[in-house]
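Undergrad: Quick one: structure below, then a few questions.
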Amino acid sequence: MRKKKFDYTGVFSSVFAIIIGLLVGFVILLFCNVQQAAPGFFTILTGAFTHGAKGVGQVFYYSTTIILTGLSVGFAFKTGLFNIGASGQFIVGGFGAVYVGVMCENLGGVHWLVALLAGVALGALWGLVPGLLKAFFNVNEVISAIMMNYIGMYAVNWFVKSYKPIFNNLRNESKPVLNTANIPKMGLDKLFPDSSINGGFIIAVLAVLLIYIVLDKTTFGYELKAVGYNRDASRYAGINEKKSIVLSMMIAGAISGLSGACLYLAGTGKHIEIVDTIADEGFTGISVALLGLCHPIGILFAGIFIAYLTAGGFYLQLFEFSTEIIDIIVAIIIYFSAFALIVKLLIQKLEKSREAKKQENGGPPPEAEGNGKGGKQA
Amino acid sequence: MSVIYFIFQQTMFFAIPLLIVALGGMFSERSGVVNIALEGIMTMGAFTSILFLNLTGGVMSGQGQLLIAIVIAMITGVVFSLFHAYAAINMKADQTISGTALNMFAPAFAIFVARIIQGVQQIQFSNTFRIESVPVLGSIPVIGDLLFQNTYITTYIGIAILIVSTIVLYRTRFGLRLRACGEHPQAADAAGVNVYRMQYAGVIISGALAGLGGLVFVVPTSTNFNATVSGYGFLALAVLIFGQWKPVRIMWASLFFGLTKAIASAYSGIPFLNNFGIPSYLYKMIPYIATLIVLIFTSKNSQAPRASGVPYDKGAR
């Protein structure tokens, strides 16, 4: 009972934040250019549909990577860790996928799967380091993950640049992967013709479901969450808390690595560019996770929503607004989604007055049920 | 000898902004508010002050212009950090979330406004602030070469901030109260300290210093501002933890980081290092790898402020 109520407030506060974020975005557009503001704002809201089914397919395609990085951050959050290192895990995972995708020629039908798994493995390795440091040396995972972001970015640039077979000298980026390494379309190209969507989206949805089941329906997930709530109490309860922390970070890293692999194996002409900046996808993942309240299903919708806004934002250039307005709107949404407290209080007030009314009308008293969470351990 | 002077001067360019921003973060965390928004505040501070340098470029120059820019950067930082303070202190929001929001907002806002004002997102400025040699002091042997040649006024401001911060934190009533709020706000409240006001003070100081740090970072190392401070806000966060939330240790941490950064950016001009033939990427990675290794040895006895990151609730037991 109690848990259901909480979810309800969470969703409500997200919607509240989205509305405020969009309103502020509209006001900013008004400030910049009064005449163009209304059509511009309309474009943000509906631009993604400009090309019908193709547009929708593009939204799903964009959402694939940020759903996965969001899932990575959200999963770590649920287990009490802040995975700011999704960017590093993402690019390292992408490198693993590209390496296998370019180099391994004789794998045939399973080539893309092997490449994908290489990405997952390298991502997990990049998550493993902060996990080990946190579990055994008490190193703050935020700092070590930031360090791993930079180390990963420089290492990938270094290897791609110095290893001739995968380096495209002319364009200063990695070579395209072989055709067999591209993730199959899995029939999605029939649903959304001409769009860049591919099986990566299905993989992302499967990952979301898997993490949901692991976190909410298994003893293993329960242990991970317990360690997040209270490390000492968990150890007392017989949970190997060091192992849990390491595994949490590893899984989070693996998901981010999968995200990188999905991007570079999408067959859409994405290559690892040799630039000394941290991948944006990891930080977008933080936004997605927060907007989705760190719940896997919420993250799925949040990822699609942000991809939807971003797709609409592309068309904003027609009205001479720069696309950064989308980032501003998302930032404001995240900011206000932190204000869950006001919304919670508002809802509590509403519910109290509703219950009071019910009792006046002779309705049944509110159910008195224990904490729903305690029963899960069994 | 000249190589050592060169490395030292380069080190200062990288270390001073880290020092200033990490000290800012220290005030915030010591009052009990985690400020992960340092990166965003730096970006905003750099944005407004560099925009000022750009707009007044033909009219003003030299140290006077830089000093006004410094004030602008600090005011911007304060205003921007108030959003974080309001969310964290009044709304008891998750401090990571509001900090992330600010980090995301700043570069987008900087690009958006820069495009509206001047069409492109890069803001150029002409650097007229380098001090070739400080009069009198610059001609002292050794020390003059190390500290008073090829430098910026911001270096001395950074050192002054370090000294003032140390005194304020450990030798004043305000500092004691601030630290109390970060360790045990309920106890501080019972002793008559206004916890909310103290936390606001902490965040505002961090905003001012982070805003300043943004400007200090951009001026010596570039001639334009491209809506980014290259992750220096996050590095400052690392320096802060590395320095165990203590001013003097933060100084050593930022010097260490600055030195490794300086070597990474200037090794090709140093014959001794260039002869090794180590790939440049390895030099770029060294600061981060070294930090990880040092953290392994220092983190066992972490001395983080106990109440840092926990929204203060008067009624909590």
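Undergrad: For the stretch A:255-265, which positions are among the hydroxyl-bearing types (Ser, Thr, Tyr) and open to solvent by 10 Å² or more (accessible area, probe 1.4 Å)?
TA: Going residue by residue through the stretch A:255-265, those that are among the hydroxyl-bearing types (Ser, Thr, Tyr) are A:256, A:259, A:264.
Answer for the stretch A:255-265, where residues must be among the hydroxyl-bearing types (Ser, Thr, Tyr) and open to solvent by 10 Å² or more (accessible area, probe 1.4 Å): just A:Tyr264.
Undergrad: Related question: Show the residue pairs that are 6+ apart or on different chains and have beta-carbon atoms under 7 Å apart, the first residue being within the stretch A:26-46 and open to solvent by 40 Å² or more (accessible area, probe 1.4 Å), the second being of a type in the set (Gly, Ala, Ser).
TA: Cβ pairs passing all conditions: A:Phe26/A:Ala37; A:Leu30/A:Ala37; A:Leu45/A:Gly312; A:Thr46/A:Gly312.
Undergrad: Right, next: Collect the residues in the stretch A:147-178 that are under 28 Å from A:Tyr61 (Cβ atoms), without any contact (Cβ under 8 Å) to a residue 24 or more places away in the chain and more than 14 Å from every other protein chain (Cβ to nearest Cβ), keeping them in residue-number order.
TA: A:Leu170
Undergrad: Kindly indicate whether B:Gly182 is part of a helix (DSSP H, G or I) and among the small types (Gly, Ala, Ser). Spell out how you get there, then give the answer.
TA: Details: part of a helix (DSSP H, G or I): yes; among the small types (Gly, Ala, Ser): yes.
Answer is yes for this residue.
Undergrad: Now for a different question. Quick one: would you say B:Phe14 is within 27 Å of B:Gly243 (Cβ to Cβ) and surrounded by fewer than 24 Cβ atoms within 10 Å (Cβ to Cβ)?
TA: Details: within 27 Å of B:Gly243 (Cβ to Cβ): yes; surrounded by fewer than 24 Cβ atoms within 10 Å (Cβ to Cβ): no.
Considered against the rule, which asks whether it is within 27 Å of B:Gly243 (Cβ to Cβ) and surrounded by fewer than 24 Cβ atoms within 10 Å (Cβ to Cβ), B:Phe14 comes out as no.
Undergrad: Check whether at least one residue in the stretch A:50-60 is assigned to a helix (DSSP H, G or I), open to solvent by 50 Å² or more (accessible area, probe 1.4 Å) and either touching a strand residue (DSSP E or B) at 6+ places or on another chain (Cβ under 9 Å) or of a type in the set (Lys, Arg) (or both), and report yes or no.
TA: Yes.
Undergrad: Does B:Val193 satisfy being open to solvent by 10 Å² or more (accessible area, probe 1.4 Å) and not aromatic (Phe, Trp, Tyr)?
TA: yes
Undergrad: What helices (runs of 4 or more DSSP H), lying completely within the stretch B:212-310, carry at least 3 residues that are facing chain A (nearest Cβ under 9 Å) and either among the β-branched types (Val, Ile, Thr) or open to solvent by less than 10 Å² (accessible area, probe 1.4 Å) (or both)?
TA: So the answer is B:232-242, B:280-298.
Undergrad: Continuing with the same structure: Inside the stretch A:197-211, can you point out the residues that are surrounded by fewer than 19 Cβ atoms within 10 Å (Cβ to Cβ) and more than 30 Å from A:Gly52 (Cα to Cα)?
TA: The answer is A:Leu210, and nothing else.
Undergrad: How many of the residues making up the stretch B:129-142 are surrounded by 16 or more Cβ atoms within 10 Å (Cβ to Cβ) and under 26 Å from B:Val229 (Cβ atoms)?
TA: Going through the stretch B:129-142 one residue at a time, the tally reaches 2.
Undergrad: Follow-up question, since we're still on this one. Since B:Ser126 meets every condition but one in (1) surrounded by fewer than 20 Cβ atoms within 10 Å (Cβ to Cβ); (2) facing chain A (nearest Cβ under 9 Å); (3) closer than 30 Å to B:Met12 by Cα, which condition does it not meet?
TA: (2)
Undergrad: With the requirement that a residue be assigned to a helix (DSSP H, G or I), within 11 Å of another protein chain (Cβ to nearest Cβ) and open to solvent by 20 Å² or more (accessible area, probe 1.4 Å), what does the stretch A:266-289 give you?
TA: A:Asp280, A:Phe283, A:Thr284, listed by residue number.
Undergrad: List the number of the failed condition for A:Asp194; all other conditions in (1) surrounded by fewer than 20 Cβ atoms within 10 Å (Cβ to Cβ); (2) of a type in the set (Asp, Glu); (3) part of a helix (DSSP H, G or I) hold.
TA: (3)
Undergrad: Right, next: Taking the stretch A:87-146 on its own, how many of its residues are of a type in the set (S, T, N, Q), more than 13 Å from chain B (Cβ to nearest Cβ) and closer than 30 Å to B:Phe242 by Cα?
TA: The total comes to 1.
Undergrad: If only one of A:Leu210, A:Leu224, A:Leu206 is touching a residue at least 12 places away in the same chain (Cβ under 8 Å), out of contact with any strand residue (DSSP E or B) (no Cβ under 8 Å at 6 or more places or on another chain) and assigned to a helix (DSSP H, G or I), which one is it?
TA: A:Leu224
Undergrad: Here's another thing I want to ask about it. Kindly indicate which of A:Val177, A:Val160 is in contact with a strand residue (DSSP E or B) (Cβ under 6 Å, 6 or more places away or on another chain) and aliphatic (A, V, I, L, M).
TA: From the options A:Val177, A:Val160, the qualifying one is A:Val160.
Undergrad: Could I ask something else about it? With touching a residue at least 24 places away in the same chain (Cβ under 8 Å) and in contact with a helix residue (DSSP H, G or I) (Cβ under 9 Å, 6 or more places away or on another chain) as the only criterion, which of B:Leu235, B:Leu282, B:Leu273, B:Leu292 stands out?
TA: B:Leu235
Undergrad: Ok, one more. Taking only pairs six or more apart or across chains, which ones have beta-carbon atoms under 8 Å, a first residue in the stretch A:327-341 that is facing chain B (nearest Cβ under 7 Å), and a second residue that is open to solvent by less than 10 Å² (accessible area, probe 1.4 Å) and outside any helix (DSSP H, G or I)?
TA: As it stands, the answer is A:Ala338/B:Ala93; A:Phe339/B:Ala93; A:Leu341/B:Ala93, since those pairs meet every condition given.
Yes/no per residue for (1) closer than 27 Å to B:Met12 by Cβ; (2) touching a Cys at 6+ places or on another chain (Cβ under 9 Å); (3) open to solvent by less than 60 Å² (accessible area, probe 1.4 Å):
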site	(1), (2), (3)
B:Ile153	yes, no, yes
B:Tyr156	yes, no, no
B:Ala160	yes, no, yes
B:Ile163	yes, no, no
B:Ile167	yes, no, no
B:Arg177	no, no, no
B:Glu183	no, no, no
B:Asp189	no, yes, yes
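Undergrad: For the subset of the stretch B:111-132 comprising residues that are touching a helix residue (DSSP H, G or I) at 6+ places or on another chain (Cβ under 7 Å) and not hydrophobic (A, V, I, L, M, F, W, C), which member is farthest from A:Ile326 (Cα to Cα)?
TA: Once the filter is applied, the top-ranked residue is B:Thr128.
Undergrad: Out of everything in the stretch A:88-147 that is part of a loop (DSSP other than H, G, I, E, B) and either modelled with pLDDT of 95 or more or surrounded by fewer than 21 Cβ atoms within 10 Å (Cβ to Cβ) (or both), what residue ends up being nearest to the chain's Cα centre (by Cα)?
TA: In this case the residue turns out to be A:Asn140.
The values are calculated or read from the model by the stated rules, or taken from the named source; none is laboratory data. The model shown is predicted, which means the values in this text are computed figures rather than measured ones. Quick reminder, even Gly has a Cβ in these numbers, built from the backbone with ideal geometry, and neighbours come from all protein chains shown. SASA here: full protein model, heavy atoms, side chains in, ligands and nucleic acids out. Shrake-Rupley method; radii C 1.70, N 1.55, O 1.52, S 1.80 Å.
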